[in-house]
1. Show me the helices (runs of 4 or more DSSP H) entirely contained within region 258-334 in which 2 or more residues are modelled with pLDDT under 95 and in contact with a strand residue (DSSP E or B) (Cβ under 7 Å, 6 or more places away or on another chain).
2. If you check residue 156 against the conditions, is it in contact with a helix residue (DSSP H, G or I) (Cβ under 9 Å, 6 or more places away or on another chain) and either at pLDDT below 95 or assigned to a strand (DSSP E or B) (or both)?
3. Being touching a His at 6+ places or on another chain (Cβ under 9 Å), buried (at least 17 other Cβ atoms within 10 Å of the Cβ), part of a loop (DSSP other than H, G, I, E, B) and β-branched (Val, Ile, Thr) is the requirement here; does residue 12 meet it?
4. Of the conditions (1) in contact with a Gly (Cβ under 6 Å, 6 or more places away or on another chain); (2) over 24 Å from residue 159 (Cα atoms), residue 322 clears all except one; give me its number.
5. Which members of region 175-205 meet the condition of being surrounded by 13 or more Cβ atoms within 10 Å (Cβ to Cβ) and among the basic types (Lys, Arg)?
6. Restricting attention to region 68-115, which residues are on the phi > 0 side of the Ramachandran plot and touching a Gly at 6+ places or on another chain (Cβ under 9 Å)?
7. Among 84, 102, 166, 172, which is the only one that is surrounded by 22 or more Cβ atoms within 10 Å (Cβ to Cβ) and not small (Gly, Ala, Ser)?
8. What residue, of 112, 133, is touching a residue at least 60 places away in the same chain (Cβ under 8 Å), among the β-branched types (Val, Ile, Thr) and under 19 Å from residue 311 (Cβ atoms)?
Amino acid sequence: MILAGDLGGTKTLLAICEVAGDSVHVQREASFASGDHGCLEDIVEKFLRGLAPELRAIDAACFGVAGPVSGSTATITNLPWTVDATSLSRLLGGADVSLMNDLQAAALGLLTLPASSFVGLQAPAAPPAAGGTVAVLAPGTGFGQALLVHLAGEYHALSMEAGHADFAATTDEEYELATFLRQRYGQHVSYEHVLCGAGLSNVYDFVRARSKQPEPAWLSAALASPQQRNAMISTTALEGKDPCCVRALELFVEILGNEAGNAALRGLARGGVILGGGIPPKILPALKRTSFLTRFRNKGHFAAWMESLEVRVSLEPRAGLLGAAHRARSAQKA
């Protein structure tokens, strides 16, 4: 059996799987609130205790983790955890354990999905180039990026920490946003301060302050829960109930479109761009409006080339889990 894990700042998904070709057959799966546990080992132990004995014989495991991986250890960006593959291997009775960046895992998982798992935002006149590089961006609890690069007959996922790169404002409004965020976070303002769940809250706070309009009492009550605040802003925006929420989501989408275009240029992503993560499927109506693609294509001499790229949204929340399962299987074969 293979144990696959997708460890994020908000939740951790674990699954017992069998892998055959591109297909992952999940035998058991569970989700855990990451912050309620002291380490990944605690979550794995809890998961294993709930399994039938025949499912506890783990041959190999792989965990996609939200943070940089160095050898057999990883530091989780939004949790006070260090993940150690050697420690996890001991817990699993000596099974082969590997770690990879969560966006690496998600990118590999995207390769296994059927067309029905995607929604198109831009369909090129010609099919994407075979073997072309694919740029993957995933706004969720954090903001991750990866590149899928075709080498020696197969795709490899390259990890990045592009979410922590400097936020590049391109309009007067965005320059004001950057100034607002510097006052909140200090000199370094990154894309993750903007393009994630907490980032949407930051953008809303900026728009509200800039508007000089008081927040309605009903909205203040709706936004009172820190756990629900980000989702409530996007829901209120999509329903058109508050102009500041509407503008916040519009600005979020514009900046996401701009950075998606940047990622396509950096990687020369002839294979297209995929938006993963938890946020894009929930804001599809906003992504389908003109502002996302307008900003995506607004690349000067490369504007026509940008229009030739396929842009899709992944609807599969378990892409990271699927990619980790495939990596564990590959490591086992090696």
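1. Numbers: elements: 284-287, 290-297, 303-307, 319-333.
Counting at least 2 such residues, we get 319-333.
2. Working: in contact with a helix residue (DSSP H, G or I) (Cβ under 9 Å, 6 or more places away or on another chain): yes; either at pLDDT below 95 or assigned to a strand (DSSP E or B) (or both): yes.
The answer is yes for residue 156.
3. Working: touching a His at 6+ places or on another chain (Cβ under 9 Å): yes; buried (at least 17 other Cβ atoms within 10 Å of the Cβ): yes; part of a loop (DSSP other than H, G, I, E, B): no; β-branched (Val, Ile, Thr): yes.
In short, no.
4. Going through the list (1) in contact with a Gly (Cβ under 6 Å, 6 or more places away or on another chain); (2) over 24 Å from residue 159 (Cα atoms), residue 322 breaks only (2).
5. Across region 175-205, the qualifying residue is only 182.
6. We begin by selecting, within region 68-115, every residue on the phi > 0 side of the Ramachandran plot; these are 71, 93-94.
Across region 68-115, there are no qualifying residues.
7. Values: 84 fails: surrounded by 22 or more Cβ atoms within 10 Å (Cβ to Cβ); 166 fails: surrounded by 22 or more Cβ atoms within 10 Å (Cβ to Cβ); 172 fails: surrounded by 22 or more Cβ atoms within 10 Å (Cβ to Cβ).
Testing whether each residue is surrounded by 22 or more Cβ atoms within 10 Å (Cβ to Cβ) and not small (Gly, Ala, Ser) leaves just 102.
8. Working: 112 fails: under 19 Å from residue 311 (Cβ atoms).
Criteria check complete, one pass: 133.
The values are calculated or read from the model by the stated rules, or taken from the named source; none is laboratory data. None of these values were measured; they are calculated from a predicted model. Cβ sites come from the backbone with ideal geometry, for glycine too, and all protein chains shown count toward neighbours.
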